Each structure stands twice: as structure tokens, then as C-alpha cells.
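First comes the structure, then the notes that go with it.
The values are calculated or read from the model by the stated rules, or taken from the named source; none is laboratory data. These figures come from a predicted structure and were not determined experimentally. Cβ atoms come from the backbone with ideal geometry, glycine included; neighbour counts cover every protein chain shown.
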Amino acid sequence: MRFTDKVVFVTGASSGIGKACGLRFQEEGASVFGVARREERLAESFEHYAVCDVRDDDQVRAAVDACVGAFEGIDFLINAAGVIGTGGVLDTPPEEWERIYSSNVDSVYFVTRHVAPHLIRNGGAIVNISSVTSLRPYGVLMPYCSSKAAVDMMTQCMALELAPHNVRVNAVNPGVVVTELHTASDAVADYDAFLEHSKETHPLGRVGQPEEIAALCAFLCSDEATWITGGIYSIDGGRQLMSAR
């Protein structure tokens, strides 16, 4: 198995892409430390976890310390926590802007700053879950699009900073994937209709599954990807090739 004796720190691990990543790494032999706010959901999938709001630097520090205390190190980081919200510059209240940026941008900064020193010791890898919306504008998703564009730039800056330490950093940019992302925030009025419509906006004619994103994340952390860093990888059924909806 590719990840025997490796330790993976996964945020957003209670559902969706984060959960799928954690389970994929477990299947391939890794020890996984899951982080999220819902303890019951974490306990269903992972033996080792911490209830943590990744928007809080102190909570993140404590979770990383708990992981290192359990496993004596960290090899890989998957930054999968995030939220979505609709709105543009005219109708997004400041508190909604703060919610999206603290969840999608601040969390990546907080988690990475505490995990990276441990990755440097082991020569590890980071994968940030971004979005196809980072690569193209959607007027009704301005805070979300811009937050994910920030994640892409953070990925590339961190890749340059950490390359001398043999730590690789890449981003994965999914299209529409069947998770709780849209339903948890009421981002779409009719989720089933949204998924059906998404078949038309993705050239491959379907939406994605979390396990497909997890497979790419696992590859980017594997020994098969040791010369890959600073990449922004679309996994979107061709969504970014289409005109704006």
C-alpha cells in the first residue's frame, strides 16, 4: 500500500471531499487524523480526530498538537474544509463575506502554518481543495470565487516557500461534486434540479463524486508525484471549458 506508516491530517473530514480523502488514505495504509466540527460524524469514520473550528488559530494549534502527540509527526495535509455562499458585491453583507473568507482562506493559513513545520521534518506534501470557480468568474458567487482564487495563489506561494524543504504544495479544483456543500448553506433552492442542470454544464455529462477527488489527492501525495508542486489541477468533467452559466 502506498501510504503505510504515513500520517495524514485532513480538515473538513466529517463529510464530502474531506471524508472521502481520509477514507482513501486509510484504505491505502495511512494513519488519518480527521478534523471537523461534528464529533459524531468524525467518530463514524476515524479512530483519531479532533473537534475543531479551523477558523480559530488556537483550536487549530491544539488539533495539530493532538495529532503529533498521537503519531509523532505528520506527512501529508489535506485542506478540505470550506463553505459556499451566493451573492455579489451589491448584496453580500460583511458578515457573510467574513464567514466565507474565514472558512475558505483563513483556515488554510491557520492549518498550514501549524502543520508545515512537521512536514518539513518528513518531506511531505499539501493538497488544498480549491474550486473550478477560482478559474472563472460567476457574478452571483463573488465571495466564493474570490476566496478560492486566493487559495490557488496561496498554494503557489507556499509551493515556492516550501520547495527548498522538500515539501510539495498543490491545489485541486473540482467542478460540481455530490457533497453537502450546497445544501448546508442553502446555496441552491432545488438541489436535485441543480444536479440535473449540472449534467449540461459539465461536458462529460455528469457531476463528480468525492471519491474521484480523493483519488487525485492521493496521487498528488504519492511517490509517483514527487516532482509535482505548485500545480492547480482541474477535476471538473470539463466544466472550466464551458461558457459561464
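Results, tabulated for the structure shown:
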| read-out | value |
| --- | --- |
| Close pairs (8 angstrom Cβ cut-off, 6 or more residues apart or separate chains): more than 8 Å from Ser14 (Cβ to Cβ) and without any contact (Cβ under 8 Å) to a residue 60 or more places away in the chain in the stretch 38-50, part of a helix (DSSP H, G or I) and polar (S, T, N, Q) anywhere | Phe46/Gln26 |
| Residues of the stretch 225-244 that turn out to be part of a helix (DSSP H, G or I) and without any contact (Cβ under 8 Å) to a residue 24 or more places away in the chain, as a count | 0 |
| Answer from Ala149, Ala171 - the residue that is assigned to a strand (DSSP E or B), under 21 Å from Ser102 (Cβ atoms) and small (Gly, Ala, Ser) | Ala171 |
| Failed item, numbered, when Val115 is tested on (1) surrounded by fewer than 21 Cβ atoms within 10 Å (Cβ to Cβ); (2) more than 13 Å from Asp53 (Cα to Cα); (3) in contact (Cβ under 8 Å) with a residue 24 or more places away in the chain | (1) |
| Residue count, the stretch 124-146 (criterion: outside any helix (DSSP H, G or I), of a type outside the set (Gly, Ala, Ser) and either in contact (Cβ under 8 Å) with a residue 60 or more places away in the chain or within 26 Å of Gly22 (Cβ to Cβ) (or both)) | 8 |
| Scan of the stretch 49-65 for residues that are surrounded by fewer than 22 Cβ atoms within 10 Å (Cβ to Cβ) and part of a helix (DSSP H, G or I), ordered by number | Asp57, Asp58, Gln59, Arg61, Ala62, Asp65 |
| Residue satisfying all of: in the stretch 27-48; of a type outside the set (D, E, K, R) and under 17 Å from the mean Cα position of the chain (by Cα); surrounded by the fewest Cβ atoms within 10 Å (Cβ to Cβ) among these | Leu42 |
| Residue match in the stretch 179-199 (condition: part of a helix (DSSP H, G or I), out of contact with any Asp or Glu (no Cβ under 8 Å at 6 or more places or on another chain), modelled with pLDDT of 75 or more and within 30 Å of Trp227 (Cβ to Cβ)) | no |
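Each row is one residue, and each column tells you yes or no for (1) assigned to a helix (DSSP H, G or I); (2) farther than 20 Å from Val151 by Cα.
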position	(1), (2)
Met1	no, yes
Ala20	yes, yes
Phe25	yes, yes
Gly34	no, yes
Leu42	yes, yes
Tyr109	yes, no
Arg113	yes, no
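Listed here are the residues, each with its yes/no results for (1) over 19 Å from Val169 (Cα atoms); (2) basic (Lys, Arg); (3) modelled with pLDDT of 95 or more.
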| position | (1), (2), (3) |
| --- | --- |
| Leu23 | yes, no, yes |
| Cys67 | yes, no, yes |
| Ile78 | no, no, yes |
| Gly85 | yes, no, no |
| Ile100 | yes, no, yes |
| Ser107 | no, no, yes |
